Every structure is written in structure tokens, then in C-alpha cells.
Amino acid sequence: MATQIKFGTSGWRAIVADDFTVANVKRAMTGIARYVASTGTADPKLVVGRDPRYMGETFVEIAATILENHGVTPLVISEPAPTPAIAWEVIRQKTDGAINFTASHNPAEYNGIKFSTPDGAPALPEFTKQIEAAIVKADEDGGAVPQGVKKAKRKTIEVRSPYLARIKELVDFKAIRDHKLKVAFDPMWGASRGYSNVVLRDQGIECAVVHDTRDVLFGGHAPEPDGELLDDLRHEMKETGARIGIACDGDADRFGIVDEDGTYISPNYVIALLFDYLVETRGWRNGVAKSVATTNLINAVAEHHKIQLYETPVGFKYIGELIKQDKIAIGGEESAGLTIRYHVPEKDGVLAGLLLCEMVAKRGKSLGIQVKELFAKVGAYYPQRQNFRLTEEAKTKFTTKLGTNPTEFAGRKVSQIVRTDGLKLVLDDGSWVCYRVSGTEPVVRAYTEARSQEGLAKLSAAAKQWATK
């Protein structure tokens, strides 16, 4: 029986040579090609890109051939490209969307397919369900190309120049240059190689780089810019005197930030700081969005500035919708994804790092000091995320538990139950815990936040016990 191809929060991901096979890629691409061809566009076009993973070139070739045969013109990016650069090209060229072969921050044994709609945003469930149905239909009829379809012809495109031109419009590089800020950059062997460092150097800004080669194994670990994986970046900062370290994950839609003293700055704090900074420097007051699992520090900043807050399910596509409608100045998720007004409705790790450089330069203060000052202004918040790998039996039992309505948690009364995504329990002291089953990995995630570090330690321990007992 053929594997069921399901699109989660960030597309379809699977292990190469297990479920992510040539045969299954052909099935997925046939469904996507049929879906795009059925939308009624006179001359349908799709951008086709990839990150630097193993067999990426092969999968792009398969996709281009299937699209051509179905009358959809593939605009093929010849080199690995960041997800946000692909999104910008969709908008710039007014295509019918994009296919991106990437597993983002997942380990090297994974690959995946992200499908973006004509607005450059990650496809919403209403679209991915149609694609899944088209895949099933193609399986049933053998995947033959419908009669009378005129074959299209692929084109090769370059996305770095137009994307970096857009970045130059969004970031104040003069402020970074005038401050003589030294930067260190870690692309983690991924798709952002030749992007952040190149645009900084082109603007006369000193930028040191680590991991600036292709490695399909990503150094032997997941290309995820979490604190424990950024020691080489810290070392480079120390060697070069860099005041800030910026990093991107495998497809450059997520960011990692290291302060001048080597401290990893939580994405929760990065989003809150940038929100406050954009209000201060751009005067944008149209709104802010965050996922249900992201820090309430953003709520406090929104209340301080009297700006509307939107809380979404996990999945950047929901924040992307608010960007498209110009309802928000910035939107972000605790998993290190953000974008801003007038930009792509997709996570952009390149932009995030460069905006942090601008903020440090203009404010003339380390990120650690800026976090303390924000706490002094709106109150302290201490968030944490834990991942628990459960057996299928335990996972089934836990999923049932998510449907319950606890009245007490960690010795405190539950004041509110939120089911925007998973189960979020808000306690009577304002602390909270949120559980959700990952849509892309075999794990259960527990998000906790308290108003003190001591309170966080107690709440996190209770969160683990509730998830695993």
C-alpha cells in the first residue's frame, strides 16, 4: 500500500529512502501539478527550489519534468536558496506558487516539500487538503497526464539578487556601518550561505563566517540554530571581536542569535524586542501576532504600546495571512520564525538576524541589557520549551488526555483553558503551560512560561510529569 502523503504545519517531511523516496516524490509532484493546472490560470508557473540536502538536485529535476508534462512552467533555481527568497520570487514574478525541497531544521536524514501559494505564503489547510486529494486521485488512475495538455518548458532563474535588493530596502545598513558593528554569521552549511554575509560585506560591514561550505550532513547534527549548536559561532565572535552572532537554519526561515558575551537569546525575547523596536523606529502600530505557544512578553509590550494583539495556532501560515492583510507590523513564533510588515508572509531568518544587527547598532546596547530594560518596562517573563518522545501507545494515551479539562495544575488553579492549538492551561498567577503534538516530528511539545525563574523550574517539572506519567 502506498504511503499516505500528508502536509503538516510546514509541508510534508519524511526520512529519505524510507518514505521520502523517488516514487513518493513523483506521486506528490503529480498531485501538485494536477492541482495547479486545475486552478484555471492561463499560463501556470511554479518556482522550484531546494536547500542543500542530499539528492536535492535530483528531486528538483523530477519536479520540473512532471510540471512540464502537465503544462506548468517550472522556474528552476539552480542553487540552494532560502525559503524567504523563494517566497519573494513568487511575489515578484507573480507565479502560481512554489515548490521547495527542504526539511528546514530537521536532521540530515529528512527531506520534505513545502508548497507556497501565489501570495508567497505557506499553503493553508484548505489548499493542502486539495493537493492530498489530487495525490490520491492520481494514485487511483495511475498518474497519467490528461489528454490534450500542452507541454511547458522550464526556465532557470536566479533569486539572490532580487531578494537581497529587497532586504536592503528593509534594513538600515547605514546605521550598522556607522556604528562599526562587527558581526559573525553561521549559515549552518545551509541555504543562507552567501546571503547575510554577502549583503553585510557589500554594505561595508565587517562579517566573519563559519560553516560556509556545503555539507549534506550539516556537521553531524540538525541544522537548527539553537544555543547548544552555536559554539563555533561563539568562538568566531571571540576571535574577531564581533558584538553579535547571527545564524540561520537549513532553509534560512529560522534564526539564532548570540549576544556579545556568548549568551544565546531566546527567540521569544528576540520577537518581543524587535516588536518594541519597530514601534519605536518605524512608528508601525497596526498590530502584532504570535502563536499560542509564544511568550506573553509580547502581550505585555502590545498592552504597553496600546497595539492590537493576535494569537494564532502554531504554523506560520496563520501569521502570514495577517501580514497579507496588513494587520500586523510583526509576527513571530517561539520556534524562531518571524517576518515584518511589507515583506513576505513567510518566516525569514536572514531578515531577522540583520534587523537584530540594526537594533544593536542603533540602540548601542547589548541584547542582554535590552532584555533587562524591556522587563523593567513591562514585567519579566521566563519561557521554555521541552520535547518529549513518546511511544505510539503513550502518545495515543496522551492525545486522549489533551481532551480533558484539568481544574488544577502544578498546585495552582487553572483559570483558563485555551484550545486554539493543542491544550493551553493558564494558571491563576498568569503562568501557563501549553501542550501540542508536533505536526512534523514524532514528539510532544510542552511550552511553559512563568514570571520568575523559580516558578519556571517548578512549572516545567510539573509539565514533564503530566506529559509522561
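Worth a mention:
To keep it simple, each residue is scored yes or no on (1) out of contact with any strand residue (DSSP E or B) (no Cβ under 6 Å at 6 or more places or on another chain); (2) closer than 28 Å to residue 436 by Cα; (3) surrounded by 24 or more Cβ atoms within 10 Å (Cβ to Cβ).
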site: 13; (1), (2), (3): no, yes, no
site: 23; (1), (2), (3): yes, no, no
site: 29; (1), (2), (3): yes, no, yes
site: 33; (1), (2), (3): yes, no, yes
site: 42; (1), (2), (3): yes, no, no
site: 47; (1), (2), (3): no, no, yes
site: 54; (1), (2), (3): yes, no, no
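- Within the set 69, 111, the sole residue that is buried (at least 24 other Cβ atoms within 10 Å of the Cβ) and more than 24 Å from residue 342 (Cα to Cα) turns out to be 111.
- Within the stretch 108-153, considering residues that are outside any loop (DSSP other than H, G, I, E, B) and of a type in the set (S, T, N, Q), the one farthest from the chain's Cα centre (by Cα): 130
- Restricting the first member to the stretch 443-469 and to residues that are of a type in the set (Gly, Ala, Ser), and the second to residues that are at pLDDT below 95 and assigned to a helix (DSSP H, G or I), the beta-carbon pairs closer than 6 Å and six or more apart or on different chains are 446/467.
A quick yes/no check of all residues on (1) over 24 Å from residue 382 (Cβ atoms); (2) surrounded by fewer than 24 Cβ atoms within 10 Å (Cβ to Cβ); (3) of a type outside the set (S, T, N, Q):
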{"position": "305", "(1), (2), (3)": "no, yes, yes"}
{"position": "325", "(1), (2), (3)": "yes, yes, no"}
{"position": "333", "(1), (2), (3)": "no, no, yes"}
{"position": "342", "(1), (2), (3)": "yes, yes, yes"}
{"position": "351", "(1), (2), (3)": "yes, no, yes"}
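- Within the stretch 430-441, the set of residues being touching a residue at least 40 places away in the same chain (Cβ under 8 Å) and part of a strand (DSSP E or B) comprises 432, 434, 436, 437.
- Flag if residue 314 is in contact with a helix residue (DSSP H, G or I) (Cβ under 8 Å, 6 or more places away or on another chain) and closer than 25 Å to residue 248 by Cα: no
- Matching residues, the stretch 399-429, being out of contact with any strand residue (DSSP E or B) (no Cβ under 6 Å at 6 or more places or on another chain) and buried (at least 17 other Cβ atoms within 10 Å of the Cβ): 410
- Test result for residue 172, over 26 Å from residue 98 (Cα atoms) and of a type in the set (Asp, Glu): yes
- Any hit, the stretch 56-79, residues being touching a Gly at 6+ places or on another chain (Cβ under 8 Å), in a helix (DSSP H, G or I), over 13 Å from residue 33 (Cα atoms) and in contact (Cβ under 8 Å) with a residue 12 or more places away in the chain: yes
- Some residue of the stretch 174-188 being of a type in the set (Asp, Glu), modelled with pLDDT of 95 or more and in contact with a strand residue (DSSP E or B) (Cβ under 6 Å, 6 or more places away or on another chain): yes
- On the stretch given as the stretch 298-319, residues that are of a type outside the set (Val, Ile, Thr) and modelled with pLDDT of 95 or more total 11.
- Of residues in the stretch 262-285 being farther than 16 Å from residue 362 by Cβ and over 14 Å from the mean Cα position of the chain (by Cα), the one surrounded by the fewest Cβ atoms within 10 Å (Cβ to Cβ): 285
- The set of residues from the stretch 87-101 being in contact with a strand residue (DSSP E or B) (Cβ under 9 Å, 6 or more places away or on another chain) and either farther than 18 Å from residue 33 by Cα or modelled with pLDDT under 95 (or both) comprises 87, 89, 93.
The values are calculated or read from the model by the stated rules, or taken from the named source; none is laboratory data. In this text the structure is predicted, and so the values were computed from the model without any measurement. In this analysis, Cβ positions are derived from the backbone assuming ideal geometry, glycine residues included, and neighbour counts consider all displayed protein chains.
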